[in-house]
Amino acid sequence: MTIAFSTHHVVKRYGNTTALDDVTLQVDEGELLGLLGPNGAGKSTLVKIGCGLVRATSGTVEVCGSPAGSFAARSTIGYLAELFRFPPWLEAAELLQLHQELAGSQGGATERKELLTLVGLGDVGERRVDAMSKGMQQRLGIAQALIGSPRLLVLDEPTSALDPAGRRAVRVILEEVKQRGISVILNSHLLSEVELVCDRVVIISNGRIVAEGTPQDLAAQRGVEIETEQGTRVFPDADREQVPQLVAELVAAGRSIYGVRARKPTLEDVYIETVGEQVR
Amino acid sequence: MKAVWTIARHTIRECVRRRVFLVTPVATIGFLGLYAIGNHFAFSHIGGGTTTGFAGSLVDQRALAGSTLVGLGMFMTLFLASSLGIFLTFSTIRGDAEQGVLQPLVVRPVARWGVVVGRFVGASVICAAYAAFLYLGTVLITWVIGSWAPSPLLLPGIAMTAAVEVVIALSLLGSTMLTALPNGIAMFMLYGAGLLGGLLGQLGKVLSSPSLETTGRITSWALPYEALYQAGLNYLTAGATGLTRVVVRLGPLGGATSGGPLLGLWAVIYVVGVGLGCIALFGRRDL
């Protein structure tokens, strides 16, 4: 399988501050990777290095086989920054046209129309950016990032200004993007969103990768809780298949069973557990 | 190169679209209106044309008034066009990066030098057109009202337009080191310092003070927009002869020096050098 994005032992230092410390990860073609971590963990720095906006102090970063920051690498990337601002005097379609020209896209008006429709702005192509809400601008940003059919889409907090309906719309867009075979790196604080759409999750804390896996693996079942007249008993090493036996043993021991629950943490539980110290 | 033109066109469109630049036509109309009123009263006061100076020699009052008025017009033209150039470029790198305007553009397969050159070209085209419009406007007003025009006609305007290009290059360089507001302030202070240095040099000439003249000369080489502006003024009075020339050169704008034959070459080297510095600093900057 082709690798869309890879980092090998990447270190980034700003003076005495280490933003990234020996980060090695890989995003496969068509994979949707969620990057999680507290503020200042190094997520944005990592994607900025990938986009060629920031230089790594050491280590190597490749985008679709080309060194990050090279022309070839940047030709394959679509990027929406966490803190972005489009020229307020441009119309939505004009902004996309500008990026088409810079990206060398031959899509023309058809591509602009299709992307604006994809992000739900099909009927406001002639509206100026300064007449758009923050949410609309964020969706326009996603359309901008998709100009030229990138092989890797990097979205840094793409739903931070969106209401629940807008977030759902972004999820739909990401599913569509995934169907097109585009790899995605999604930086987000919205864990439920990441859990819903991402194939794999990487949690970064203090510039290091502290957890990695599919949302299902990270949030795997961890024990069984059985509620009796004496209170709740926890069997931390038990799994779902052992429940009938545990219940039978408790009943045989004269206990009354009021409820049984498999303990399955959410991604949020895992996240808090992993980076809890930073969150506090 | 295509990206350079795209960025240049983007800059030009920004100037046309942004509401903040609506002040430019308003200021232009105000300036040209005031300039026309000044011309009207000046030439009405002069009436005929010549007066007799000492030893029976003649002073062409129209040439005296015309060159002084067009010289004042050039001063304002340089100020307005430089201001426009500074406002178009003062936030190009750090300012736009802090606002998040720059990153979406730089992520595209565009060389960073292309962004710098595109910005420079776009701002240069606008400011050159604006400076040419103002210069020719002032010359036309003086010619219509006072029947006087500088000779050579175009060289003063060309020198002044070149001066504006130098200001734009410096503003771009400043934008790689300073955020928008500090860079804007620094640029206007630098602009004023350059003009002050030039005036000190002129004063040194009148007072025969080598120290002041050296100060003016160093300023002219360090900030060649000032030398180009002076060269433009010098061209303005080049056509005056006899006592008229003597009187004109005693006036507030008459002490300007030509800058010498190497000034144009130095200005080109200077702008290229400033541009390369800008590209080098921008190329290393994390965004």
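Every number here is computed from the coordinates shown, using simple stated rules; none is lab data. If you're wondering where the values come from, they're calculated on a predicted model, not measured in any experiment. Positions of Cβ are generated from backbone atoms using ideal geometry, with glycine treated the same way; all protein chains shown enter the neighbour counts.
Contact order for the range A:189-280, expressed relative to its length and based on alpha carbon pairs under 8 Å spaced 6+ residues apart, stands at 29 percent.
Per residue, the average separation of C-alpha pairs within less than 8 Å and at least 6 apart gives chain A a relative contact order of 21 percent. Per-residue 3J(HN,Hα) values for the range B:204-214, derived from phi via the Karplus relation 6.51 cos²θ - 1.76 cosθ + 1.60 with θ = phi - 60°, read x, 5, 5, 8, 6, 9, x, 5, 5, 4, 5 Hz in sequence order (x marks Gly and Pro). Amide H contacts of A:GLY69: A:GLY52, A:ARG74, each under 5 Å away and 5 or more positions distant or on a separate chain (H built 1.01 Å from N in the peptide plane; Pro and chain starts excluded). Across the range B:186-196, computed HN-Hα scalar couplings (Karplus, 6.51 cos²θ - 1.76 cosθ + 1.60, θ = phi - 60°) run 4, 5, 5, 5, 5, 4, x, 4, x, 5, 4 Hz from first to last residue, x flagging Gly and Pro. Bridgeable aspartates and glutamates around B:LYS205 (alpha carbons under 19 Å apart, same-chain partners fewer than 8 residues away excluded): B:GLU213, B:GLU226.
Spin-label model, A:PHE71/A:ALA165: points 7 Å from Cα along the beta carbon direction are separated by 4.5 nm. Computed 3J(HN,Hα) for the range A:98-110, one whole-Hz value per residue from the Karplus formula 6.51 cos²θ - 1.76 cosθ + 1.60 where θ = phi - 60°, is 4, 6, 4, 5, 5, 7, x, 6, 9, x, x, 5, 5, glycine and proline marked x. Bridges between two residues of chain A, per DSSP, are antiparallel at a rate of about 65%. Annotation for the range A:239-279 versus the range B:132-193: alpha-carbon center distance of 77 Å.
To the nearest 20 Debye, how big is the dipole of the protein assembly as shown about its Cα centre, given +1 on the beta carbon of each Lys and Arg and -1 on that of each Asp and Glu?
1960
Sort A:THR24, B:THR138 so that the residue with the fewest other Cβ atoms within 10 Å of its own Cβ comes first and the one with the most comes last.
Working: A:THR24 12, B:THR138 25.
Taking fewest neighbouring Cβ atoms as first place, the list is A:THR24, B:THR138.
With 10 angstrom as the radius, rank A:ASP237, A:ASP130, A:ASP156 by how many other C-beta atoms surround their C-beta, starting from the fewest.
Working: A:ASP237 9, A:ASP130 12, A:ASP156 25.
Exposure proxy ranking, most exposed first: A:ASP237, A:ASP130, A:ASP156.
Here the label points at A:GLU241 and A:GLU273, each 7 Å from Cα along the C-beta direction, are separated by 2.1 nm in the simple model. Under the convention that each Lys and Arg Cβ holds +1 and each Asp and Glu Cβ holds -1, the size of the dipole of the range A:92-174 around its Cα centre is about 260 debye. Amide H contacts of A:ALA211: A:ILE203, each under 5 Å away and 5 or more positions distant or on a separate chain (H built 1.01 Å from N in the peptide plane; Pro and chain starts excluded).
Taking K and R as +1 and D and E as -1, what net charge do the other residues with C-beta under 10 Å from the C-beta of A:LEU153 add up to?
+3
What relative contact order, as a whole-number percentage, does chain B give when Cα pairs under 8 Å and 6 or more residues apart are counted? In percent, rounded to a whole number, it is 25. Since only A:ALA56, A:ILE209, B:GLN230 are under comparison, the one whose Cα sits farthest along the positive direction of the charge dipole of the protein assembly as shown, derived from C-beta charges on Lys, Arg, Asp and Glu, is B:GLN230.
Provide the net charge surrounding A:ARG222, with neighbours chosen by a C-beta distance below 13 Å and charges set as Lys +1, Arg +1, Asp -1, Glu -1. List each step's numbers first, then the result.
Values: positive: A:ARG240, A:ARG261, A:ARG263, A:LYS264; negative: A:ASP217, A:GLU225, A:ASP237, A:ASP239, A:ASP269, A:GLU273.
That works out to -2.
Secondary structure note: in the protein assembly as shown, about 65% of the DSSP beta bridges are antiparallel. Between the beta carbons of B:TRP5 and A:SER149, assuming R0 = 22 Å, the FRET efficiency works out to 0.40 to the nearest 0.05. Label-to-label distance for B:PHE133 and A:THR17 is 4.5 nm, based on points extended 7 Å past Cα in the beta-carbon direction. Taking Lys and Arg as +1 and Asp and Glu as -1, the other residues whose beta-carbon sits under 10 Å from that of A:GLY107 total 0.
Candidate cross-link partners of B:LYS2 among the lysines, defined by an alpha-carbon separation under 28 Å and a same-chain spacing of 8 or more, comprise A:LYS48, A:LYS113. Mean projected area of the convex hull spanned by the Cα atoms of the protein assembly as shown, taken over all viewing directions: 34.6 nm².
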